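Participant: I'd like to ask some things about the structure below.
Rule-based calculations on the coordinates, nothing more; no lab input. Predicted, not measured: the structure shown is a model, and the values here were computed from it. Cβ placement follows ideal geometry from the backbone for every residue including glycine, while neighbour counts extend to all protein chains displayed.
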Amino acid sequence: MTSDATMYSRARIPYGTWGSSYFPAWQMSTLAEVNIGQFAGEGMNRILGLRRVPKDALDYLILGSTIPWHWKFWTAPLVASCLGTRVPGYHMEQACATGLQAVVVAGAEVDSGANDVVGVLTFDRTSDSPVGVIPERRAYRRTEALADVWDNFGFDPSTGGSMIATAGAAARKYRIDRREVDDITLYRYEQYFEAKDSGFLDAVLVPLDLLSVQGRPLGRIDDDLGVRKLSLAALRAMHELDTCVTAGAQTHASDGMACLLVCSEDKVAELSPRPEVDIRFVGKAEVRTSPGLMPEAPGLAVIKLLERVGLTMDDIAVTKSHNPFAVNDAIFGKMLDYDWRKVNNNGCSLVWGHPQGPTLTRSLIEGLEEAVAIGGGYVLLFGCAAGDVGIAAIFRVS
């Protein structure tokens with residue numbers, strides 16, 4: 001089955017006008033010492049320069065991040081200044097779905113006719129995330145200290161459980177075998193290192209120099225620091241933190257940025273080095289499952305989306321997932337009767353980490369590059385957003 005349906009009639013993603021930083025793991029680089037908004041703006045400036053896209057082509061910016069940072073109140077004006085152009089824009093977030101939702105929102109901006117060229121810039125720095133003090137006059141104390149992002153990972157207000165607990169609960173519900181989870185984890189690492197060794201990731205990842213607020217050089221980010229090769233024996237020996245969840249079979253917090261452009265159809269020839277490549281939005285779906293069962297939500301979102309656009313998994317050429325736990329992939333395989341070996345051919349967030357905001361943006365860029373390399377087709381991207389939300393989107397590359 002094939003589908004000619006598209007979500008937007010005007011919006012396109014011009015091929016090759018994208019890029020991502022490497023994602024160093026939490027506290028493993030000097031990226032922990034810089035203002036992430038400044039880094040993101042300067043990084044996008046560098047990427048657009050390499051892609052030969054003039055900054056004055058931008059009409060608007062959609063920013064996506066999830067962790068508070070200094071000067072976040074100014075969002076787009078500050079980041080645009082670091083990018084080197086004066087364009088308006090705004091900030092949005094949806095937990096781990098931010099990187100995909102920002103692209104969808106940019107598509108709506110273009111499709112509505114409000115803007116012709118919209119830059120999507122997503123970023124986050126889990127290292128040294130701030131601690132806030134939140135006024136809470138309804139409580140028995142006037143203020144309540146809200147700790148950093150790590151406390152949010154460890155506590156879902158609707159269930160009282162942690163993110164790890166959602167993986168364990170879902171693994172028990174679907175009777176997932178620990179050995180399969182270890183096999184998936186090893187396979188995902190092999191996919192990443194094959195893509196790295198082949199040079200595929202060079203089309204996606206851009207080494208970026210770090211500058212202090214004063215403009216002093218601090219170093220260069222040119223590797224996914226923290227990623228190491230694993231053996232099946234080492235994975236088998238790891239202690240379970242919850243059912244089927246080990247230190248090796250879950251992602252790690254990291255820092256980084258990713259960007260791409262969305263434009264109207266008539267702007268593609270001006271911006272893309274290969275304007276014959278046509279990338280369209282086909283559809284998007286979101287679901288909420290039962291509280292605390294996050295790993296099954298992405299699969300439910302995919303099922304809903306496929307039904308909506310009239311496609312099946314057999315129609316999909318490239319499948320990419322945000323998989324904070326290897327359990328997610330095992331459950332997806334069961335829910336859709338789909339071979340998890342066909343997912344994430346060139347790496348995934350389980351391996352290279354999870355800075356939240358840019359996670360799904362980088363995944364999308366990798367998926368689009370893969371689709372172009374194999375001659376086109378439908379690209380399916382899906383993932384989770386906090387404790388029980390799933391998101392999925394399909395793009396068509398032709």
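Participant: Could you tell me which of rounded, prolate or oblate describes the chain, using a ≥ b ≥ c as the square roots of the eigenvalues of the alpha-carbon gyration tensor, with rounded for a/c under 1.5 and, failing that, prolate when a/b is larger than b/c and oblate otherwise?
Facilitator: Rounded, since a/c falls under 1.5.
Participant: Also: Taking the beta-carbon count within 10 Å as an exposure proxy, list W69, W340 from fewest neighbours to most.
Facilitator: The order, fewest Cβ neighbours first, is W69, W340.
Participant: Follow-up question, since we're still on this one. Would you mind calculating the relative contact order of the chain from Cα pairs under 8 angstrom and at least 6 residues apart, reporting the percent as a whole number?
Facilitator: 28
Participant: Using label points projected 7 Å from each Cα along Cα→Cβ, tell me how many nm separate W150 and S198, to one decimal.
Facilitator: About 3.7 nm, to one decimal.
Participant: For the pairs K55/K320; K196/K320; K72/K284; K72/K320; K284/K320, note any where the Cα-Cα span goes beyond 26 Å.
Facilitator: The answer is K55/K320; K72/K284; K72/K320.
Participant: With the cut-off at 1.5 for a/c, could you classify region 201-338 from its C-alpha gyration tensor as rounded, prolate or oblate?
Facilitator: Oblate is the answer for region 201-338, as a/c is 1.5 or above yet b/c matches or exceeds a/b.
Participant: Rounded, prolate or oblate: which fits region 36-94 when a ≥ b ≥ c are the square roots of the eigenvalues of the alpha-carbon gyration tensor, with rounded for a/c under 1.5 and prolate only if a/b beats b/c?
Facilitator: Cα axes put region 36-94 in the prolate bin.
Participant: Please report V318, V87, V131 as a ranked list, fewest other C-beta atoms within 10 angstrom at the top and most at the bottom.
Facilitator: V131, V87, V318
Participant: Using a 10 angstrom Cβ neighbour count of at most 13 plus a DSSP loop assignment to flag exposed trypsin sites (Lys or Arg not before Pro), which longest range of the chain is free of such sites?
Facilitator: So the longest stretch without any such site is 230-398.
Participant: How high is the FRET efficiency between D266 and E190 when r is their beta carbon distance and R₀ equals 56 Å, given to the nearest 0.05?
Facilitator: Plugging the Cβ-Cβ distance into 1/(1 + (r/R0)^6) gives 0.85.
Participant: Rank these for me by crowding, M257, M92, going from fewest to most other beta carbons within 10 Å.
Facilitator: Ascending number of Cβ neighbours within 10 Å: M92, M257.
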